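Asker: Below is the structure I would like to discuss, written out as structure tokens.
The values are calculated or read from the model by the stated rules, or taken from the named source; none is laboratory data. Just so we're clear, the structure is a prediction, and the values are computed from it rather than from any experiment. Because the Cβ atoms are built from the backbone with ideal geometry, glycine has one as well, and the counts that use them run over all protein chains shown. Side chains included, ligands, DNA and RNA excluded: accessible areas come from the protein's heavy atoms. Shrake-Rupley method; radii C 1.70, N 1.55, O 1.52, S 1.80 Å.
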Amino acid sequence: MTDPDPPHSDDPASRTERMSGPARRQTVLAMLRTVVTATGLVFGYYLLPMDEGFSGGSAAGIVLGLMAMLALFAWQVRTITRSPSPRLRAVESLAATLPLFLLLFATAYYLLERSTHGSFSEPLTRTDSLYFTLTVFSTVGFGDITADTQTARILTMVQITGNILLVGVAAKVVAGAVQTGLRRKQNSDR
């Protein structure tokens, strides 16, 4: 006797085959929004005028940016739990939060180098600042660019602490929000 409803495999190919037209469309749109969001943030980083050096105002701007990022993250966690597709919503949320976090630090490093030459082992362009930020985030630390002043080192330590919180705490929070959203969806489907 054959099983009338055989269990589905959880491999990605089987999942894609089972995905309906609307679900497939929703996935494609979510991925497109993810790419557009991250690309837009990077373009903004390169296009925004940053003619002044690091000052009290720019430090306040970075702090306000980080607070706005935390508020955005909290709102995104809430939308994940209420979304009909919590996994897709989580990907979109991380695609906005992570680049924003990294670009805030790249901006801070760039402005710091502009105001206090010699803060780093070499002068930083916007690309160099982003490169340094990514090497600190990935903990690779190639060593070709290093923080040389106390302010640059403190800022780098703040980023490292933020990295740990983002990867550890935020990832756990997002995973929990996805699970809550999946349970909510399963309960509403009953």
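Asker: Could you check how much of the accessible area of the chain is carbon and sulfur, as a whole percent, using a 1.4 Å probe?
Answerer: With neighbouring chains kept in place, the figure for the chain is 66 percent.
Asker: What list of ³J(HN,Hα) couplings, whole Hz, do you get for the stretch 55-61 from phi and the Karplus terms 6.51, -1.76, 1.60, once you set θ to phi - 60° and write x for glycine and proline?
Answerer: Listing the rounded values in order: 9, x, x, 6, 5, 5, x Hz.
Asker: What value, in deg cm²/dmol to 500, does the helix sum -39500 (n - 2.57) over DSSP H runs of n ≥ 4 give at 222 nm once divided by the residues of the chain?
Answerer: For the chain, the value works out to -24500 deg cm²/dmol.
Asker: Around F120, which amide H atoms from residues at least 5 apart in sequence, or from another chain, sit under 5 Å from its own amide H, with H modelled in the peptide plane?
Answerer: Excluding prolines and chain starts, which carry no amide H, the hits are D148.
Asker: A further question on this structure: Based on the Cβ-Cβ distance from L182 to Y46, what FRET efficiency comes out when R0 is 35 Å, to the nearest 0.05?
Answerer: It comes to 0.40.
Asker: Rounded to whole Å, give me the distance from the Cα center of the stretch 24-46 to that of the stretch 147-190.
Answerer: Cα centroid to Cα centroid, the span is 20 Å.
Asker: Here's another thing I want to ask about it. Hey, could you get me the Stokes-Einstein D for the chain, Kirkwood radius over alpha-carbon pairs, 10 °C and 1.306 mPa s, rounded to whole µm² s⁻¹?
Answerer: Values: Rh = 18.9 Å.
In µm²/s, the coefficient is 84.
Asker: Over the Cα atoms of the stretch 67-113, each weighted equally, I'd like the Debye log10 I(q)/I(0) at q = 0.13, 0.24, 0.25 Å⁻¹, rounded to two decimals.
Answerer: -0.35, -0.80, -0.84
Asker: So what's the projected area for the stretch 90-164, the Cα convex hull averaged over all directions, in nm²?
Answerer: One quarter of the hull surface, i.e. the mean projection, equals 4.7 nm².
Asker: With every protein chain kept in place and ligands, DNA and RNA left out, what is the accessible area per residue of the chain? Probe 1.4 Å, answer in Å².
Answerer: I get 61 Å² per residue for the chain.
Asker: In addition: Could you work out the relative contact order of the chain? I mean the mean sequence separation of Cα pairs under 8 Å and 6+ apart, divided by the number of residues, in percent.
Answerer: 25 percent
Asker: Report, in degrees rounded to the nearest 10, the 0 to 90 angle that the Cα long axis of helix 86-115 makes with the longest principal axis of the chain.
Answerer: Relative to the chain, helix 86-115 is tipped by roughly 0 degrees.
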